[in-house]
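Peer 1: Below you will find the structure I want to go over with you.
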Amino acid sequence: MTETAAVPTAPLRARAEIDLAALRANVRALRARAKGAALMAVVKSDGYGHGAVPCARAAVDAGATWLGTATPEEALALRAAGLDTRVLCWLWVPGGPWRQAVEADIDVSLSGLWALREVTEAARQAGRPARVQLKADTGLGRNGCQPADWPELVGEALRAERAGLVRVTGLWSHLACADEPGHPSIDAQLARFREMVAYAEEQGVRPEVRHLANSPATLTLPETHFDLVRTGIALYGISPSPELGTPADFGLRPVMTLSASLALVKHVPGGHGVSYGHHYVTPGATTLGLVPVGYADGIPRHASGTGPVLVDGKWRTVAGRVAMDQFVVDLGGDEPEVGARAVLFGPGDRGEPTAEDWAQACGTIAYEIVTRIGTRVPRVYVNGEQEG
């Protein structure tokens, strides 16, 4: 069965076209960057807005041997879709669906004793050992076990392993500043990770994988690759930091193209206010185009007056405020047909803006631009068949 959906013949109000061939090519490019390490395709937040299940399948087709999610619900959805690849899930709260995860053979990340105790109880109930990975806080200061608490967590995990309740499959951590080359925290975290891994292994932990590298580290810090690299935003063809390079610099291609059909084209006189608050007033007689997407679809309101859009072969800018369901562009007297395609962002090689252009316009990062595109925008999958 293919995940490809036919491109509709009638124009949709809006659509996010997802190029699965580009995603597969990105996986291959990332694997080439991390030779000797396995690759985890991170598909949290519905595949960064691209669709978790279709993207997971495409990534596995291209050689990813692990999948990564934040929430257990995301991990369980992959299993329900028939994906039997190794899955790591790292964001848990007390009372989470531990037993379901154990029974689904999902690797669960543990950062503290409370989580270890809950998963061991779930393993007892399930009658099978849980696959667990111990996460070290090497300096990011979010999830992960502090170095002072590491001996206790490692010791308790080993006792649970000897009791047949868990299998410690991984040791891992996350970098704070991998997207800032030369930042002193990188070497400090790498050294701390090596120390904490060495301690765990000296105590008897025999992990299947040790992993530290996220997307920017995969691309630029080979010393962080260890056994496995975790690729998130780079998987979808977006550079984790413009300072590191463009997607093309890394052999990556953006996977999502977001577009909408013009809902109206009309003539207005000079001095005409546009959208709420009249923050834009037409400087002279012109034509306006109505783009039928807004912040309910994930278009940032911060793009009011700045967001770029390709219409009729020219870059236009959001005129006035982005509303809940729509925004306006000043067409400067041009008269494209109603229903003409307005491209908000895409790979950028056909003249259209990119997600990075939108990030710059909004004062944010491209991660947020693609991830926030909402469920009212249908995903249309193209190039779903593996080449060859």
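The values are calculated or read from the model by the stated rules, or taken from the named source; none is laboratory data. Just so it is clear, the model here is predicted, and its values are computed rather than measured. Virtual Cβ from ideal backbone geometry, glycine too; neighbours counted across all protein chains shown. Accessible surface is based on the protein model in full, side chains and every heavy atom, while ligands, DNA and RNA are left aside. Shrake-Rupley method; radii C 1.70, N 1.55, O 1.52, S 1.80 Å.
Peer 1: From the list ARG167, ARG162, which residue is out of contact with any Asp or Glu (no Cβ under 8 Å at 6 or more places or on another chain) and under 15 Å from GLN203 (Cα atoms)? Spell out how you get there, then give the answer.
Peer 2: Details: ARG167 fails: out of contact with any Asp or Glu (no Cβ under 8 Å at 6 or more places or on another chain).
Testing whether each residue is out of contact with any Asp or Glu (no Cβ under 8 Å at 6 or more places or on another chain) and under 15 Å from GLN203 (Cα atoms) leaves just ARG162.
Peer 1: Could you please give the count of residues in the stretch 363-375 that are part of a loop (DSSP other than H, G, I, E, B), of a type outside the set (Gly, Ala, Ser) and either open to solvent by less than 50 Å² (accessible area, probe 1.4 Å) or in contact with a Lys or Arg (Cβ under 7 Å, 6 or more places away or on another chain) (or both)?
Peer 2: Of the residues in that region, 2 qualify.
Peer 1: Looking only at the stretch 134-148, count every residue that is surrounded by 15 or more Cβ atoms within 10 Å (Cβ to Cβ) and assigned to a helix (DSSP H, G or I) and tell me the total.
Peer 2: Residues in the stretch 134-148 being surrounded by 15 or more Cβ atoms within 10 Å (Cβ to Cβ) and assigned to a helix (DSSP H, G or I): 1 in total.
Peer 1: Does LEU158 fit the bill of being part of a loop (DSSP other than H, G, I, E, B), open to solvent by less than 60 Å² (accessible area, probe 1.4 Å) and either in contact (Cβ under 8 Å) with a residue 24 or more places away in the chain or hydrophobic (A, V, I, L, M, F, W, C) (or both)?
Peer 2: no
Peer 1: How about the stretch 256-311: which of its residues are of a type in the set (D, E, K, R) and within 20 Å of ARG376 (Cβ to Cβ)?
Peer 2: If the condition is that a residue be of a type in the set (D, E, K, R) and within 20 Å of ARG376 (Cβ to Cβ), then ASP297, ARG301 are the ones that fit.
Peer 1: Does the stretch 121-129 include one or more residues that are in contact with a helix residue (DSSP H, G or I) (Cβ under 9 Å, 6 or more places away or on another chain), over 19 Å from ALA75 (Cα atoms), open to solvent by 40 Å² or more (accessible area, probe 1.4 Å) and not small (Gly, Ala, Ser)?
Peer 2: Yes; the residues of the stretch 121-129 include at least one that is in contact with a helix residue (DSSP H, G or I) (Cβ under 9 Å, 6 or more places away or on another chain), over 19 Å from ALA75 (Cα atoms), open to solvent by 40 Å² or more (accessible area, probe 1.4 Å) and not small (Gly, Ala, Ser).
Peer 1: When the stretch 67-121 is examined, which residues are found to be part of a loop (DSSP other than H, G, I, E, B) and among the hydrophobic types (A, V, I, L, M, F, W, C)?
Peer 2: Restricting attention to the stretch 67-121, the residues satisfying the condition of being part of a loop (DSSP other than H, G, I, E, B) are 70-71, 81-85, 90-97, 104-106, 111-112.
Selection gives ALA70, ALA81, LEU83, TRP90, LEU91, TRP92, VAL93, ALA104, ILE106.
Peer 1: If you check ALA213 against the conditions, is it among the small types (Gly, Ala, Ser), out of contact with any Ser or Thr (no Cβ under 7 Å at 6 or more places or on another chain) and open to solvent by less than 10 Å² (accessible area, probe 1.4 Å)?
Peer 2: When the stated conditions are applied, ALA213 does not pass them.
Quick grid of which residues meet (1) closer than 25 Å to ALA29 by Cα; (2) aliphatic (A, V, I, L, M):
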| residue | (1), (2) |
| --- | --- |
| THR138 | no, no |
| GLN146 | no, no |
| VAL154 | no, yes |
| GLU202 | no, no |
| VAL205 | no, yes |
| SER239 | yes, no |
| PRO242 | yes, no |
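Peer 1: Here's something else I'd like to know. Could you tell me how many of the residues in the stretch 16-37 are among the charged types (D, E, K, R), closer than 19 Å to ASP349 by Cα and touching a strand residue (DSSP E or B) at 6+ places or on another chain (Cβ under 8 Å)?
Peer 2: 2
Condition check ((1) touching a Phe, Trp or Tyr at 6+ places or on another chain (Cβ under 8 Å); (2) open to solvent by 50 Å² or more (accessible area, probe 1.4 Å); (3) small (Gly, Ala, Ser)) across all residues:
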| site | (1), (2), (3) |
| --- | --- |
| ARG321 | yes, yes, no |
| PHE327 | no, no, no |
| LEU331 | no, no, no |
| GLU337 | no, yes, no |
| ALA340 | no, no, yes |
| GLU352 | yes, no, no |
| ALA361 | no, no, yes |
| VAL377 | no, no, no |
| VAL380 | no, no, no |
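Peer 1: Residues in the stretch 186-200: is at least one part of a helix (DSSP H, G or I) and touching a Phe, Trp or Tyr at 6+ places or on another chain (Cβ under 7 Å)? Outline the logic, then answer.
Peer 2: First pass over the stretch 186-200, keeping only residues part of a helix (DSSP H, G or I): 186-200.
Next, from what is left, pick out any that are touching a Phe, Trp or Tyr at 6+ places or on another chain (Cβ under 7 Å): 196, 199.
Scanning the stretch 186-200, I find at least one residue that is part of a helix (DSSP H, G or I) and touching a Phe, Trp or Tyr at 6+ places or on another chain (Cβ under 7 Å), so the answer is yes.
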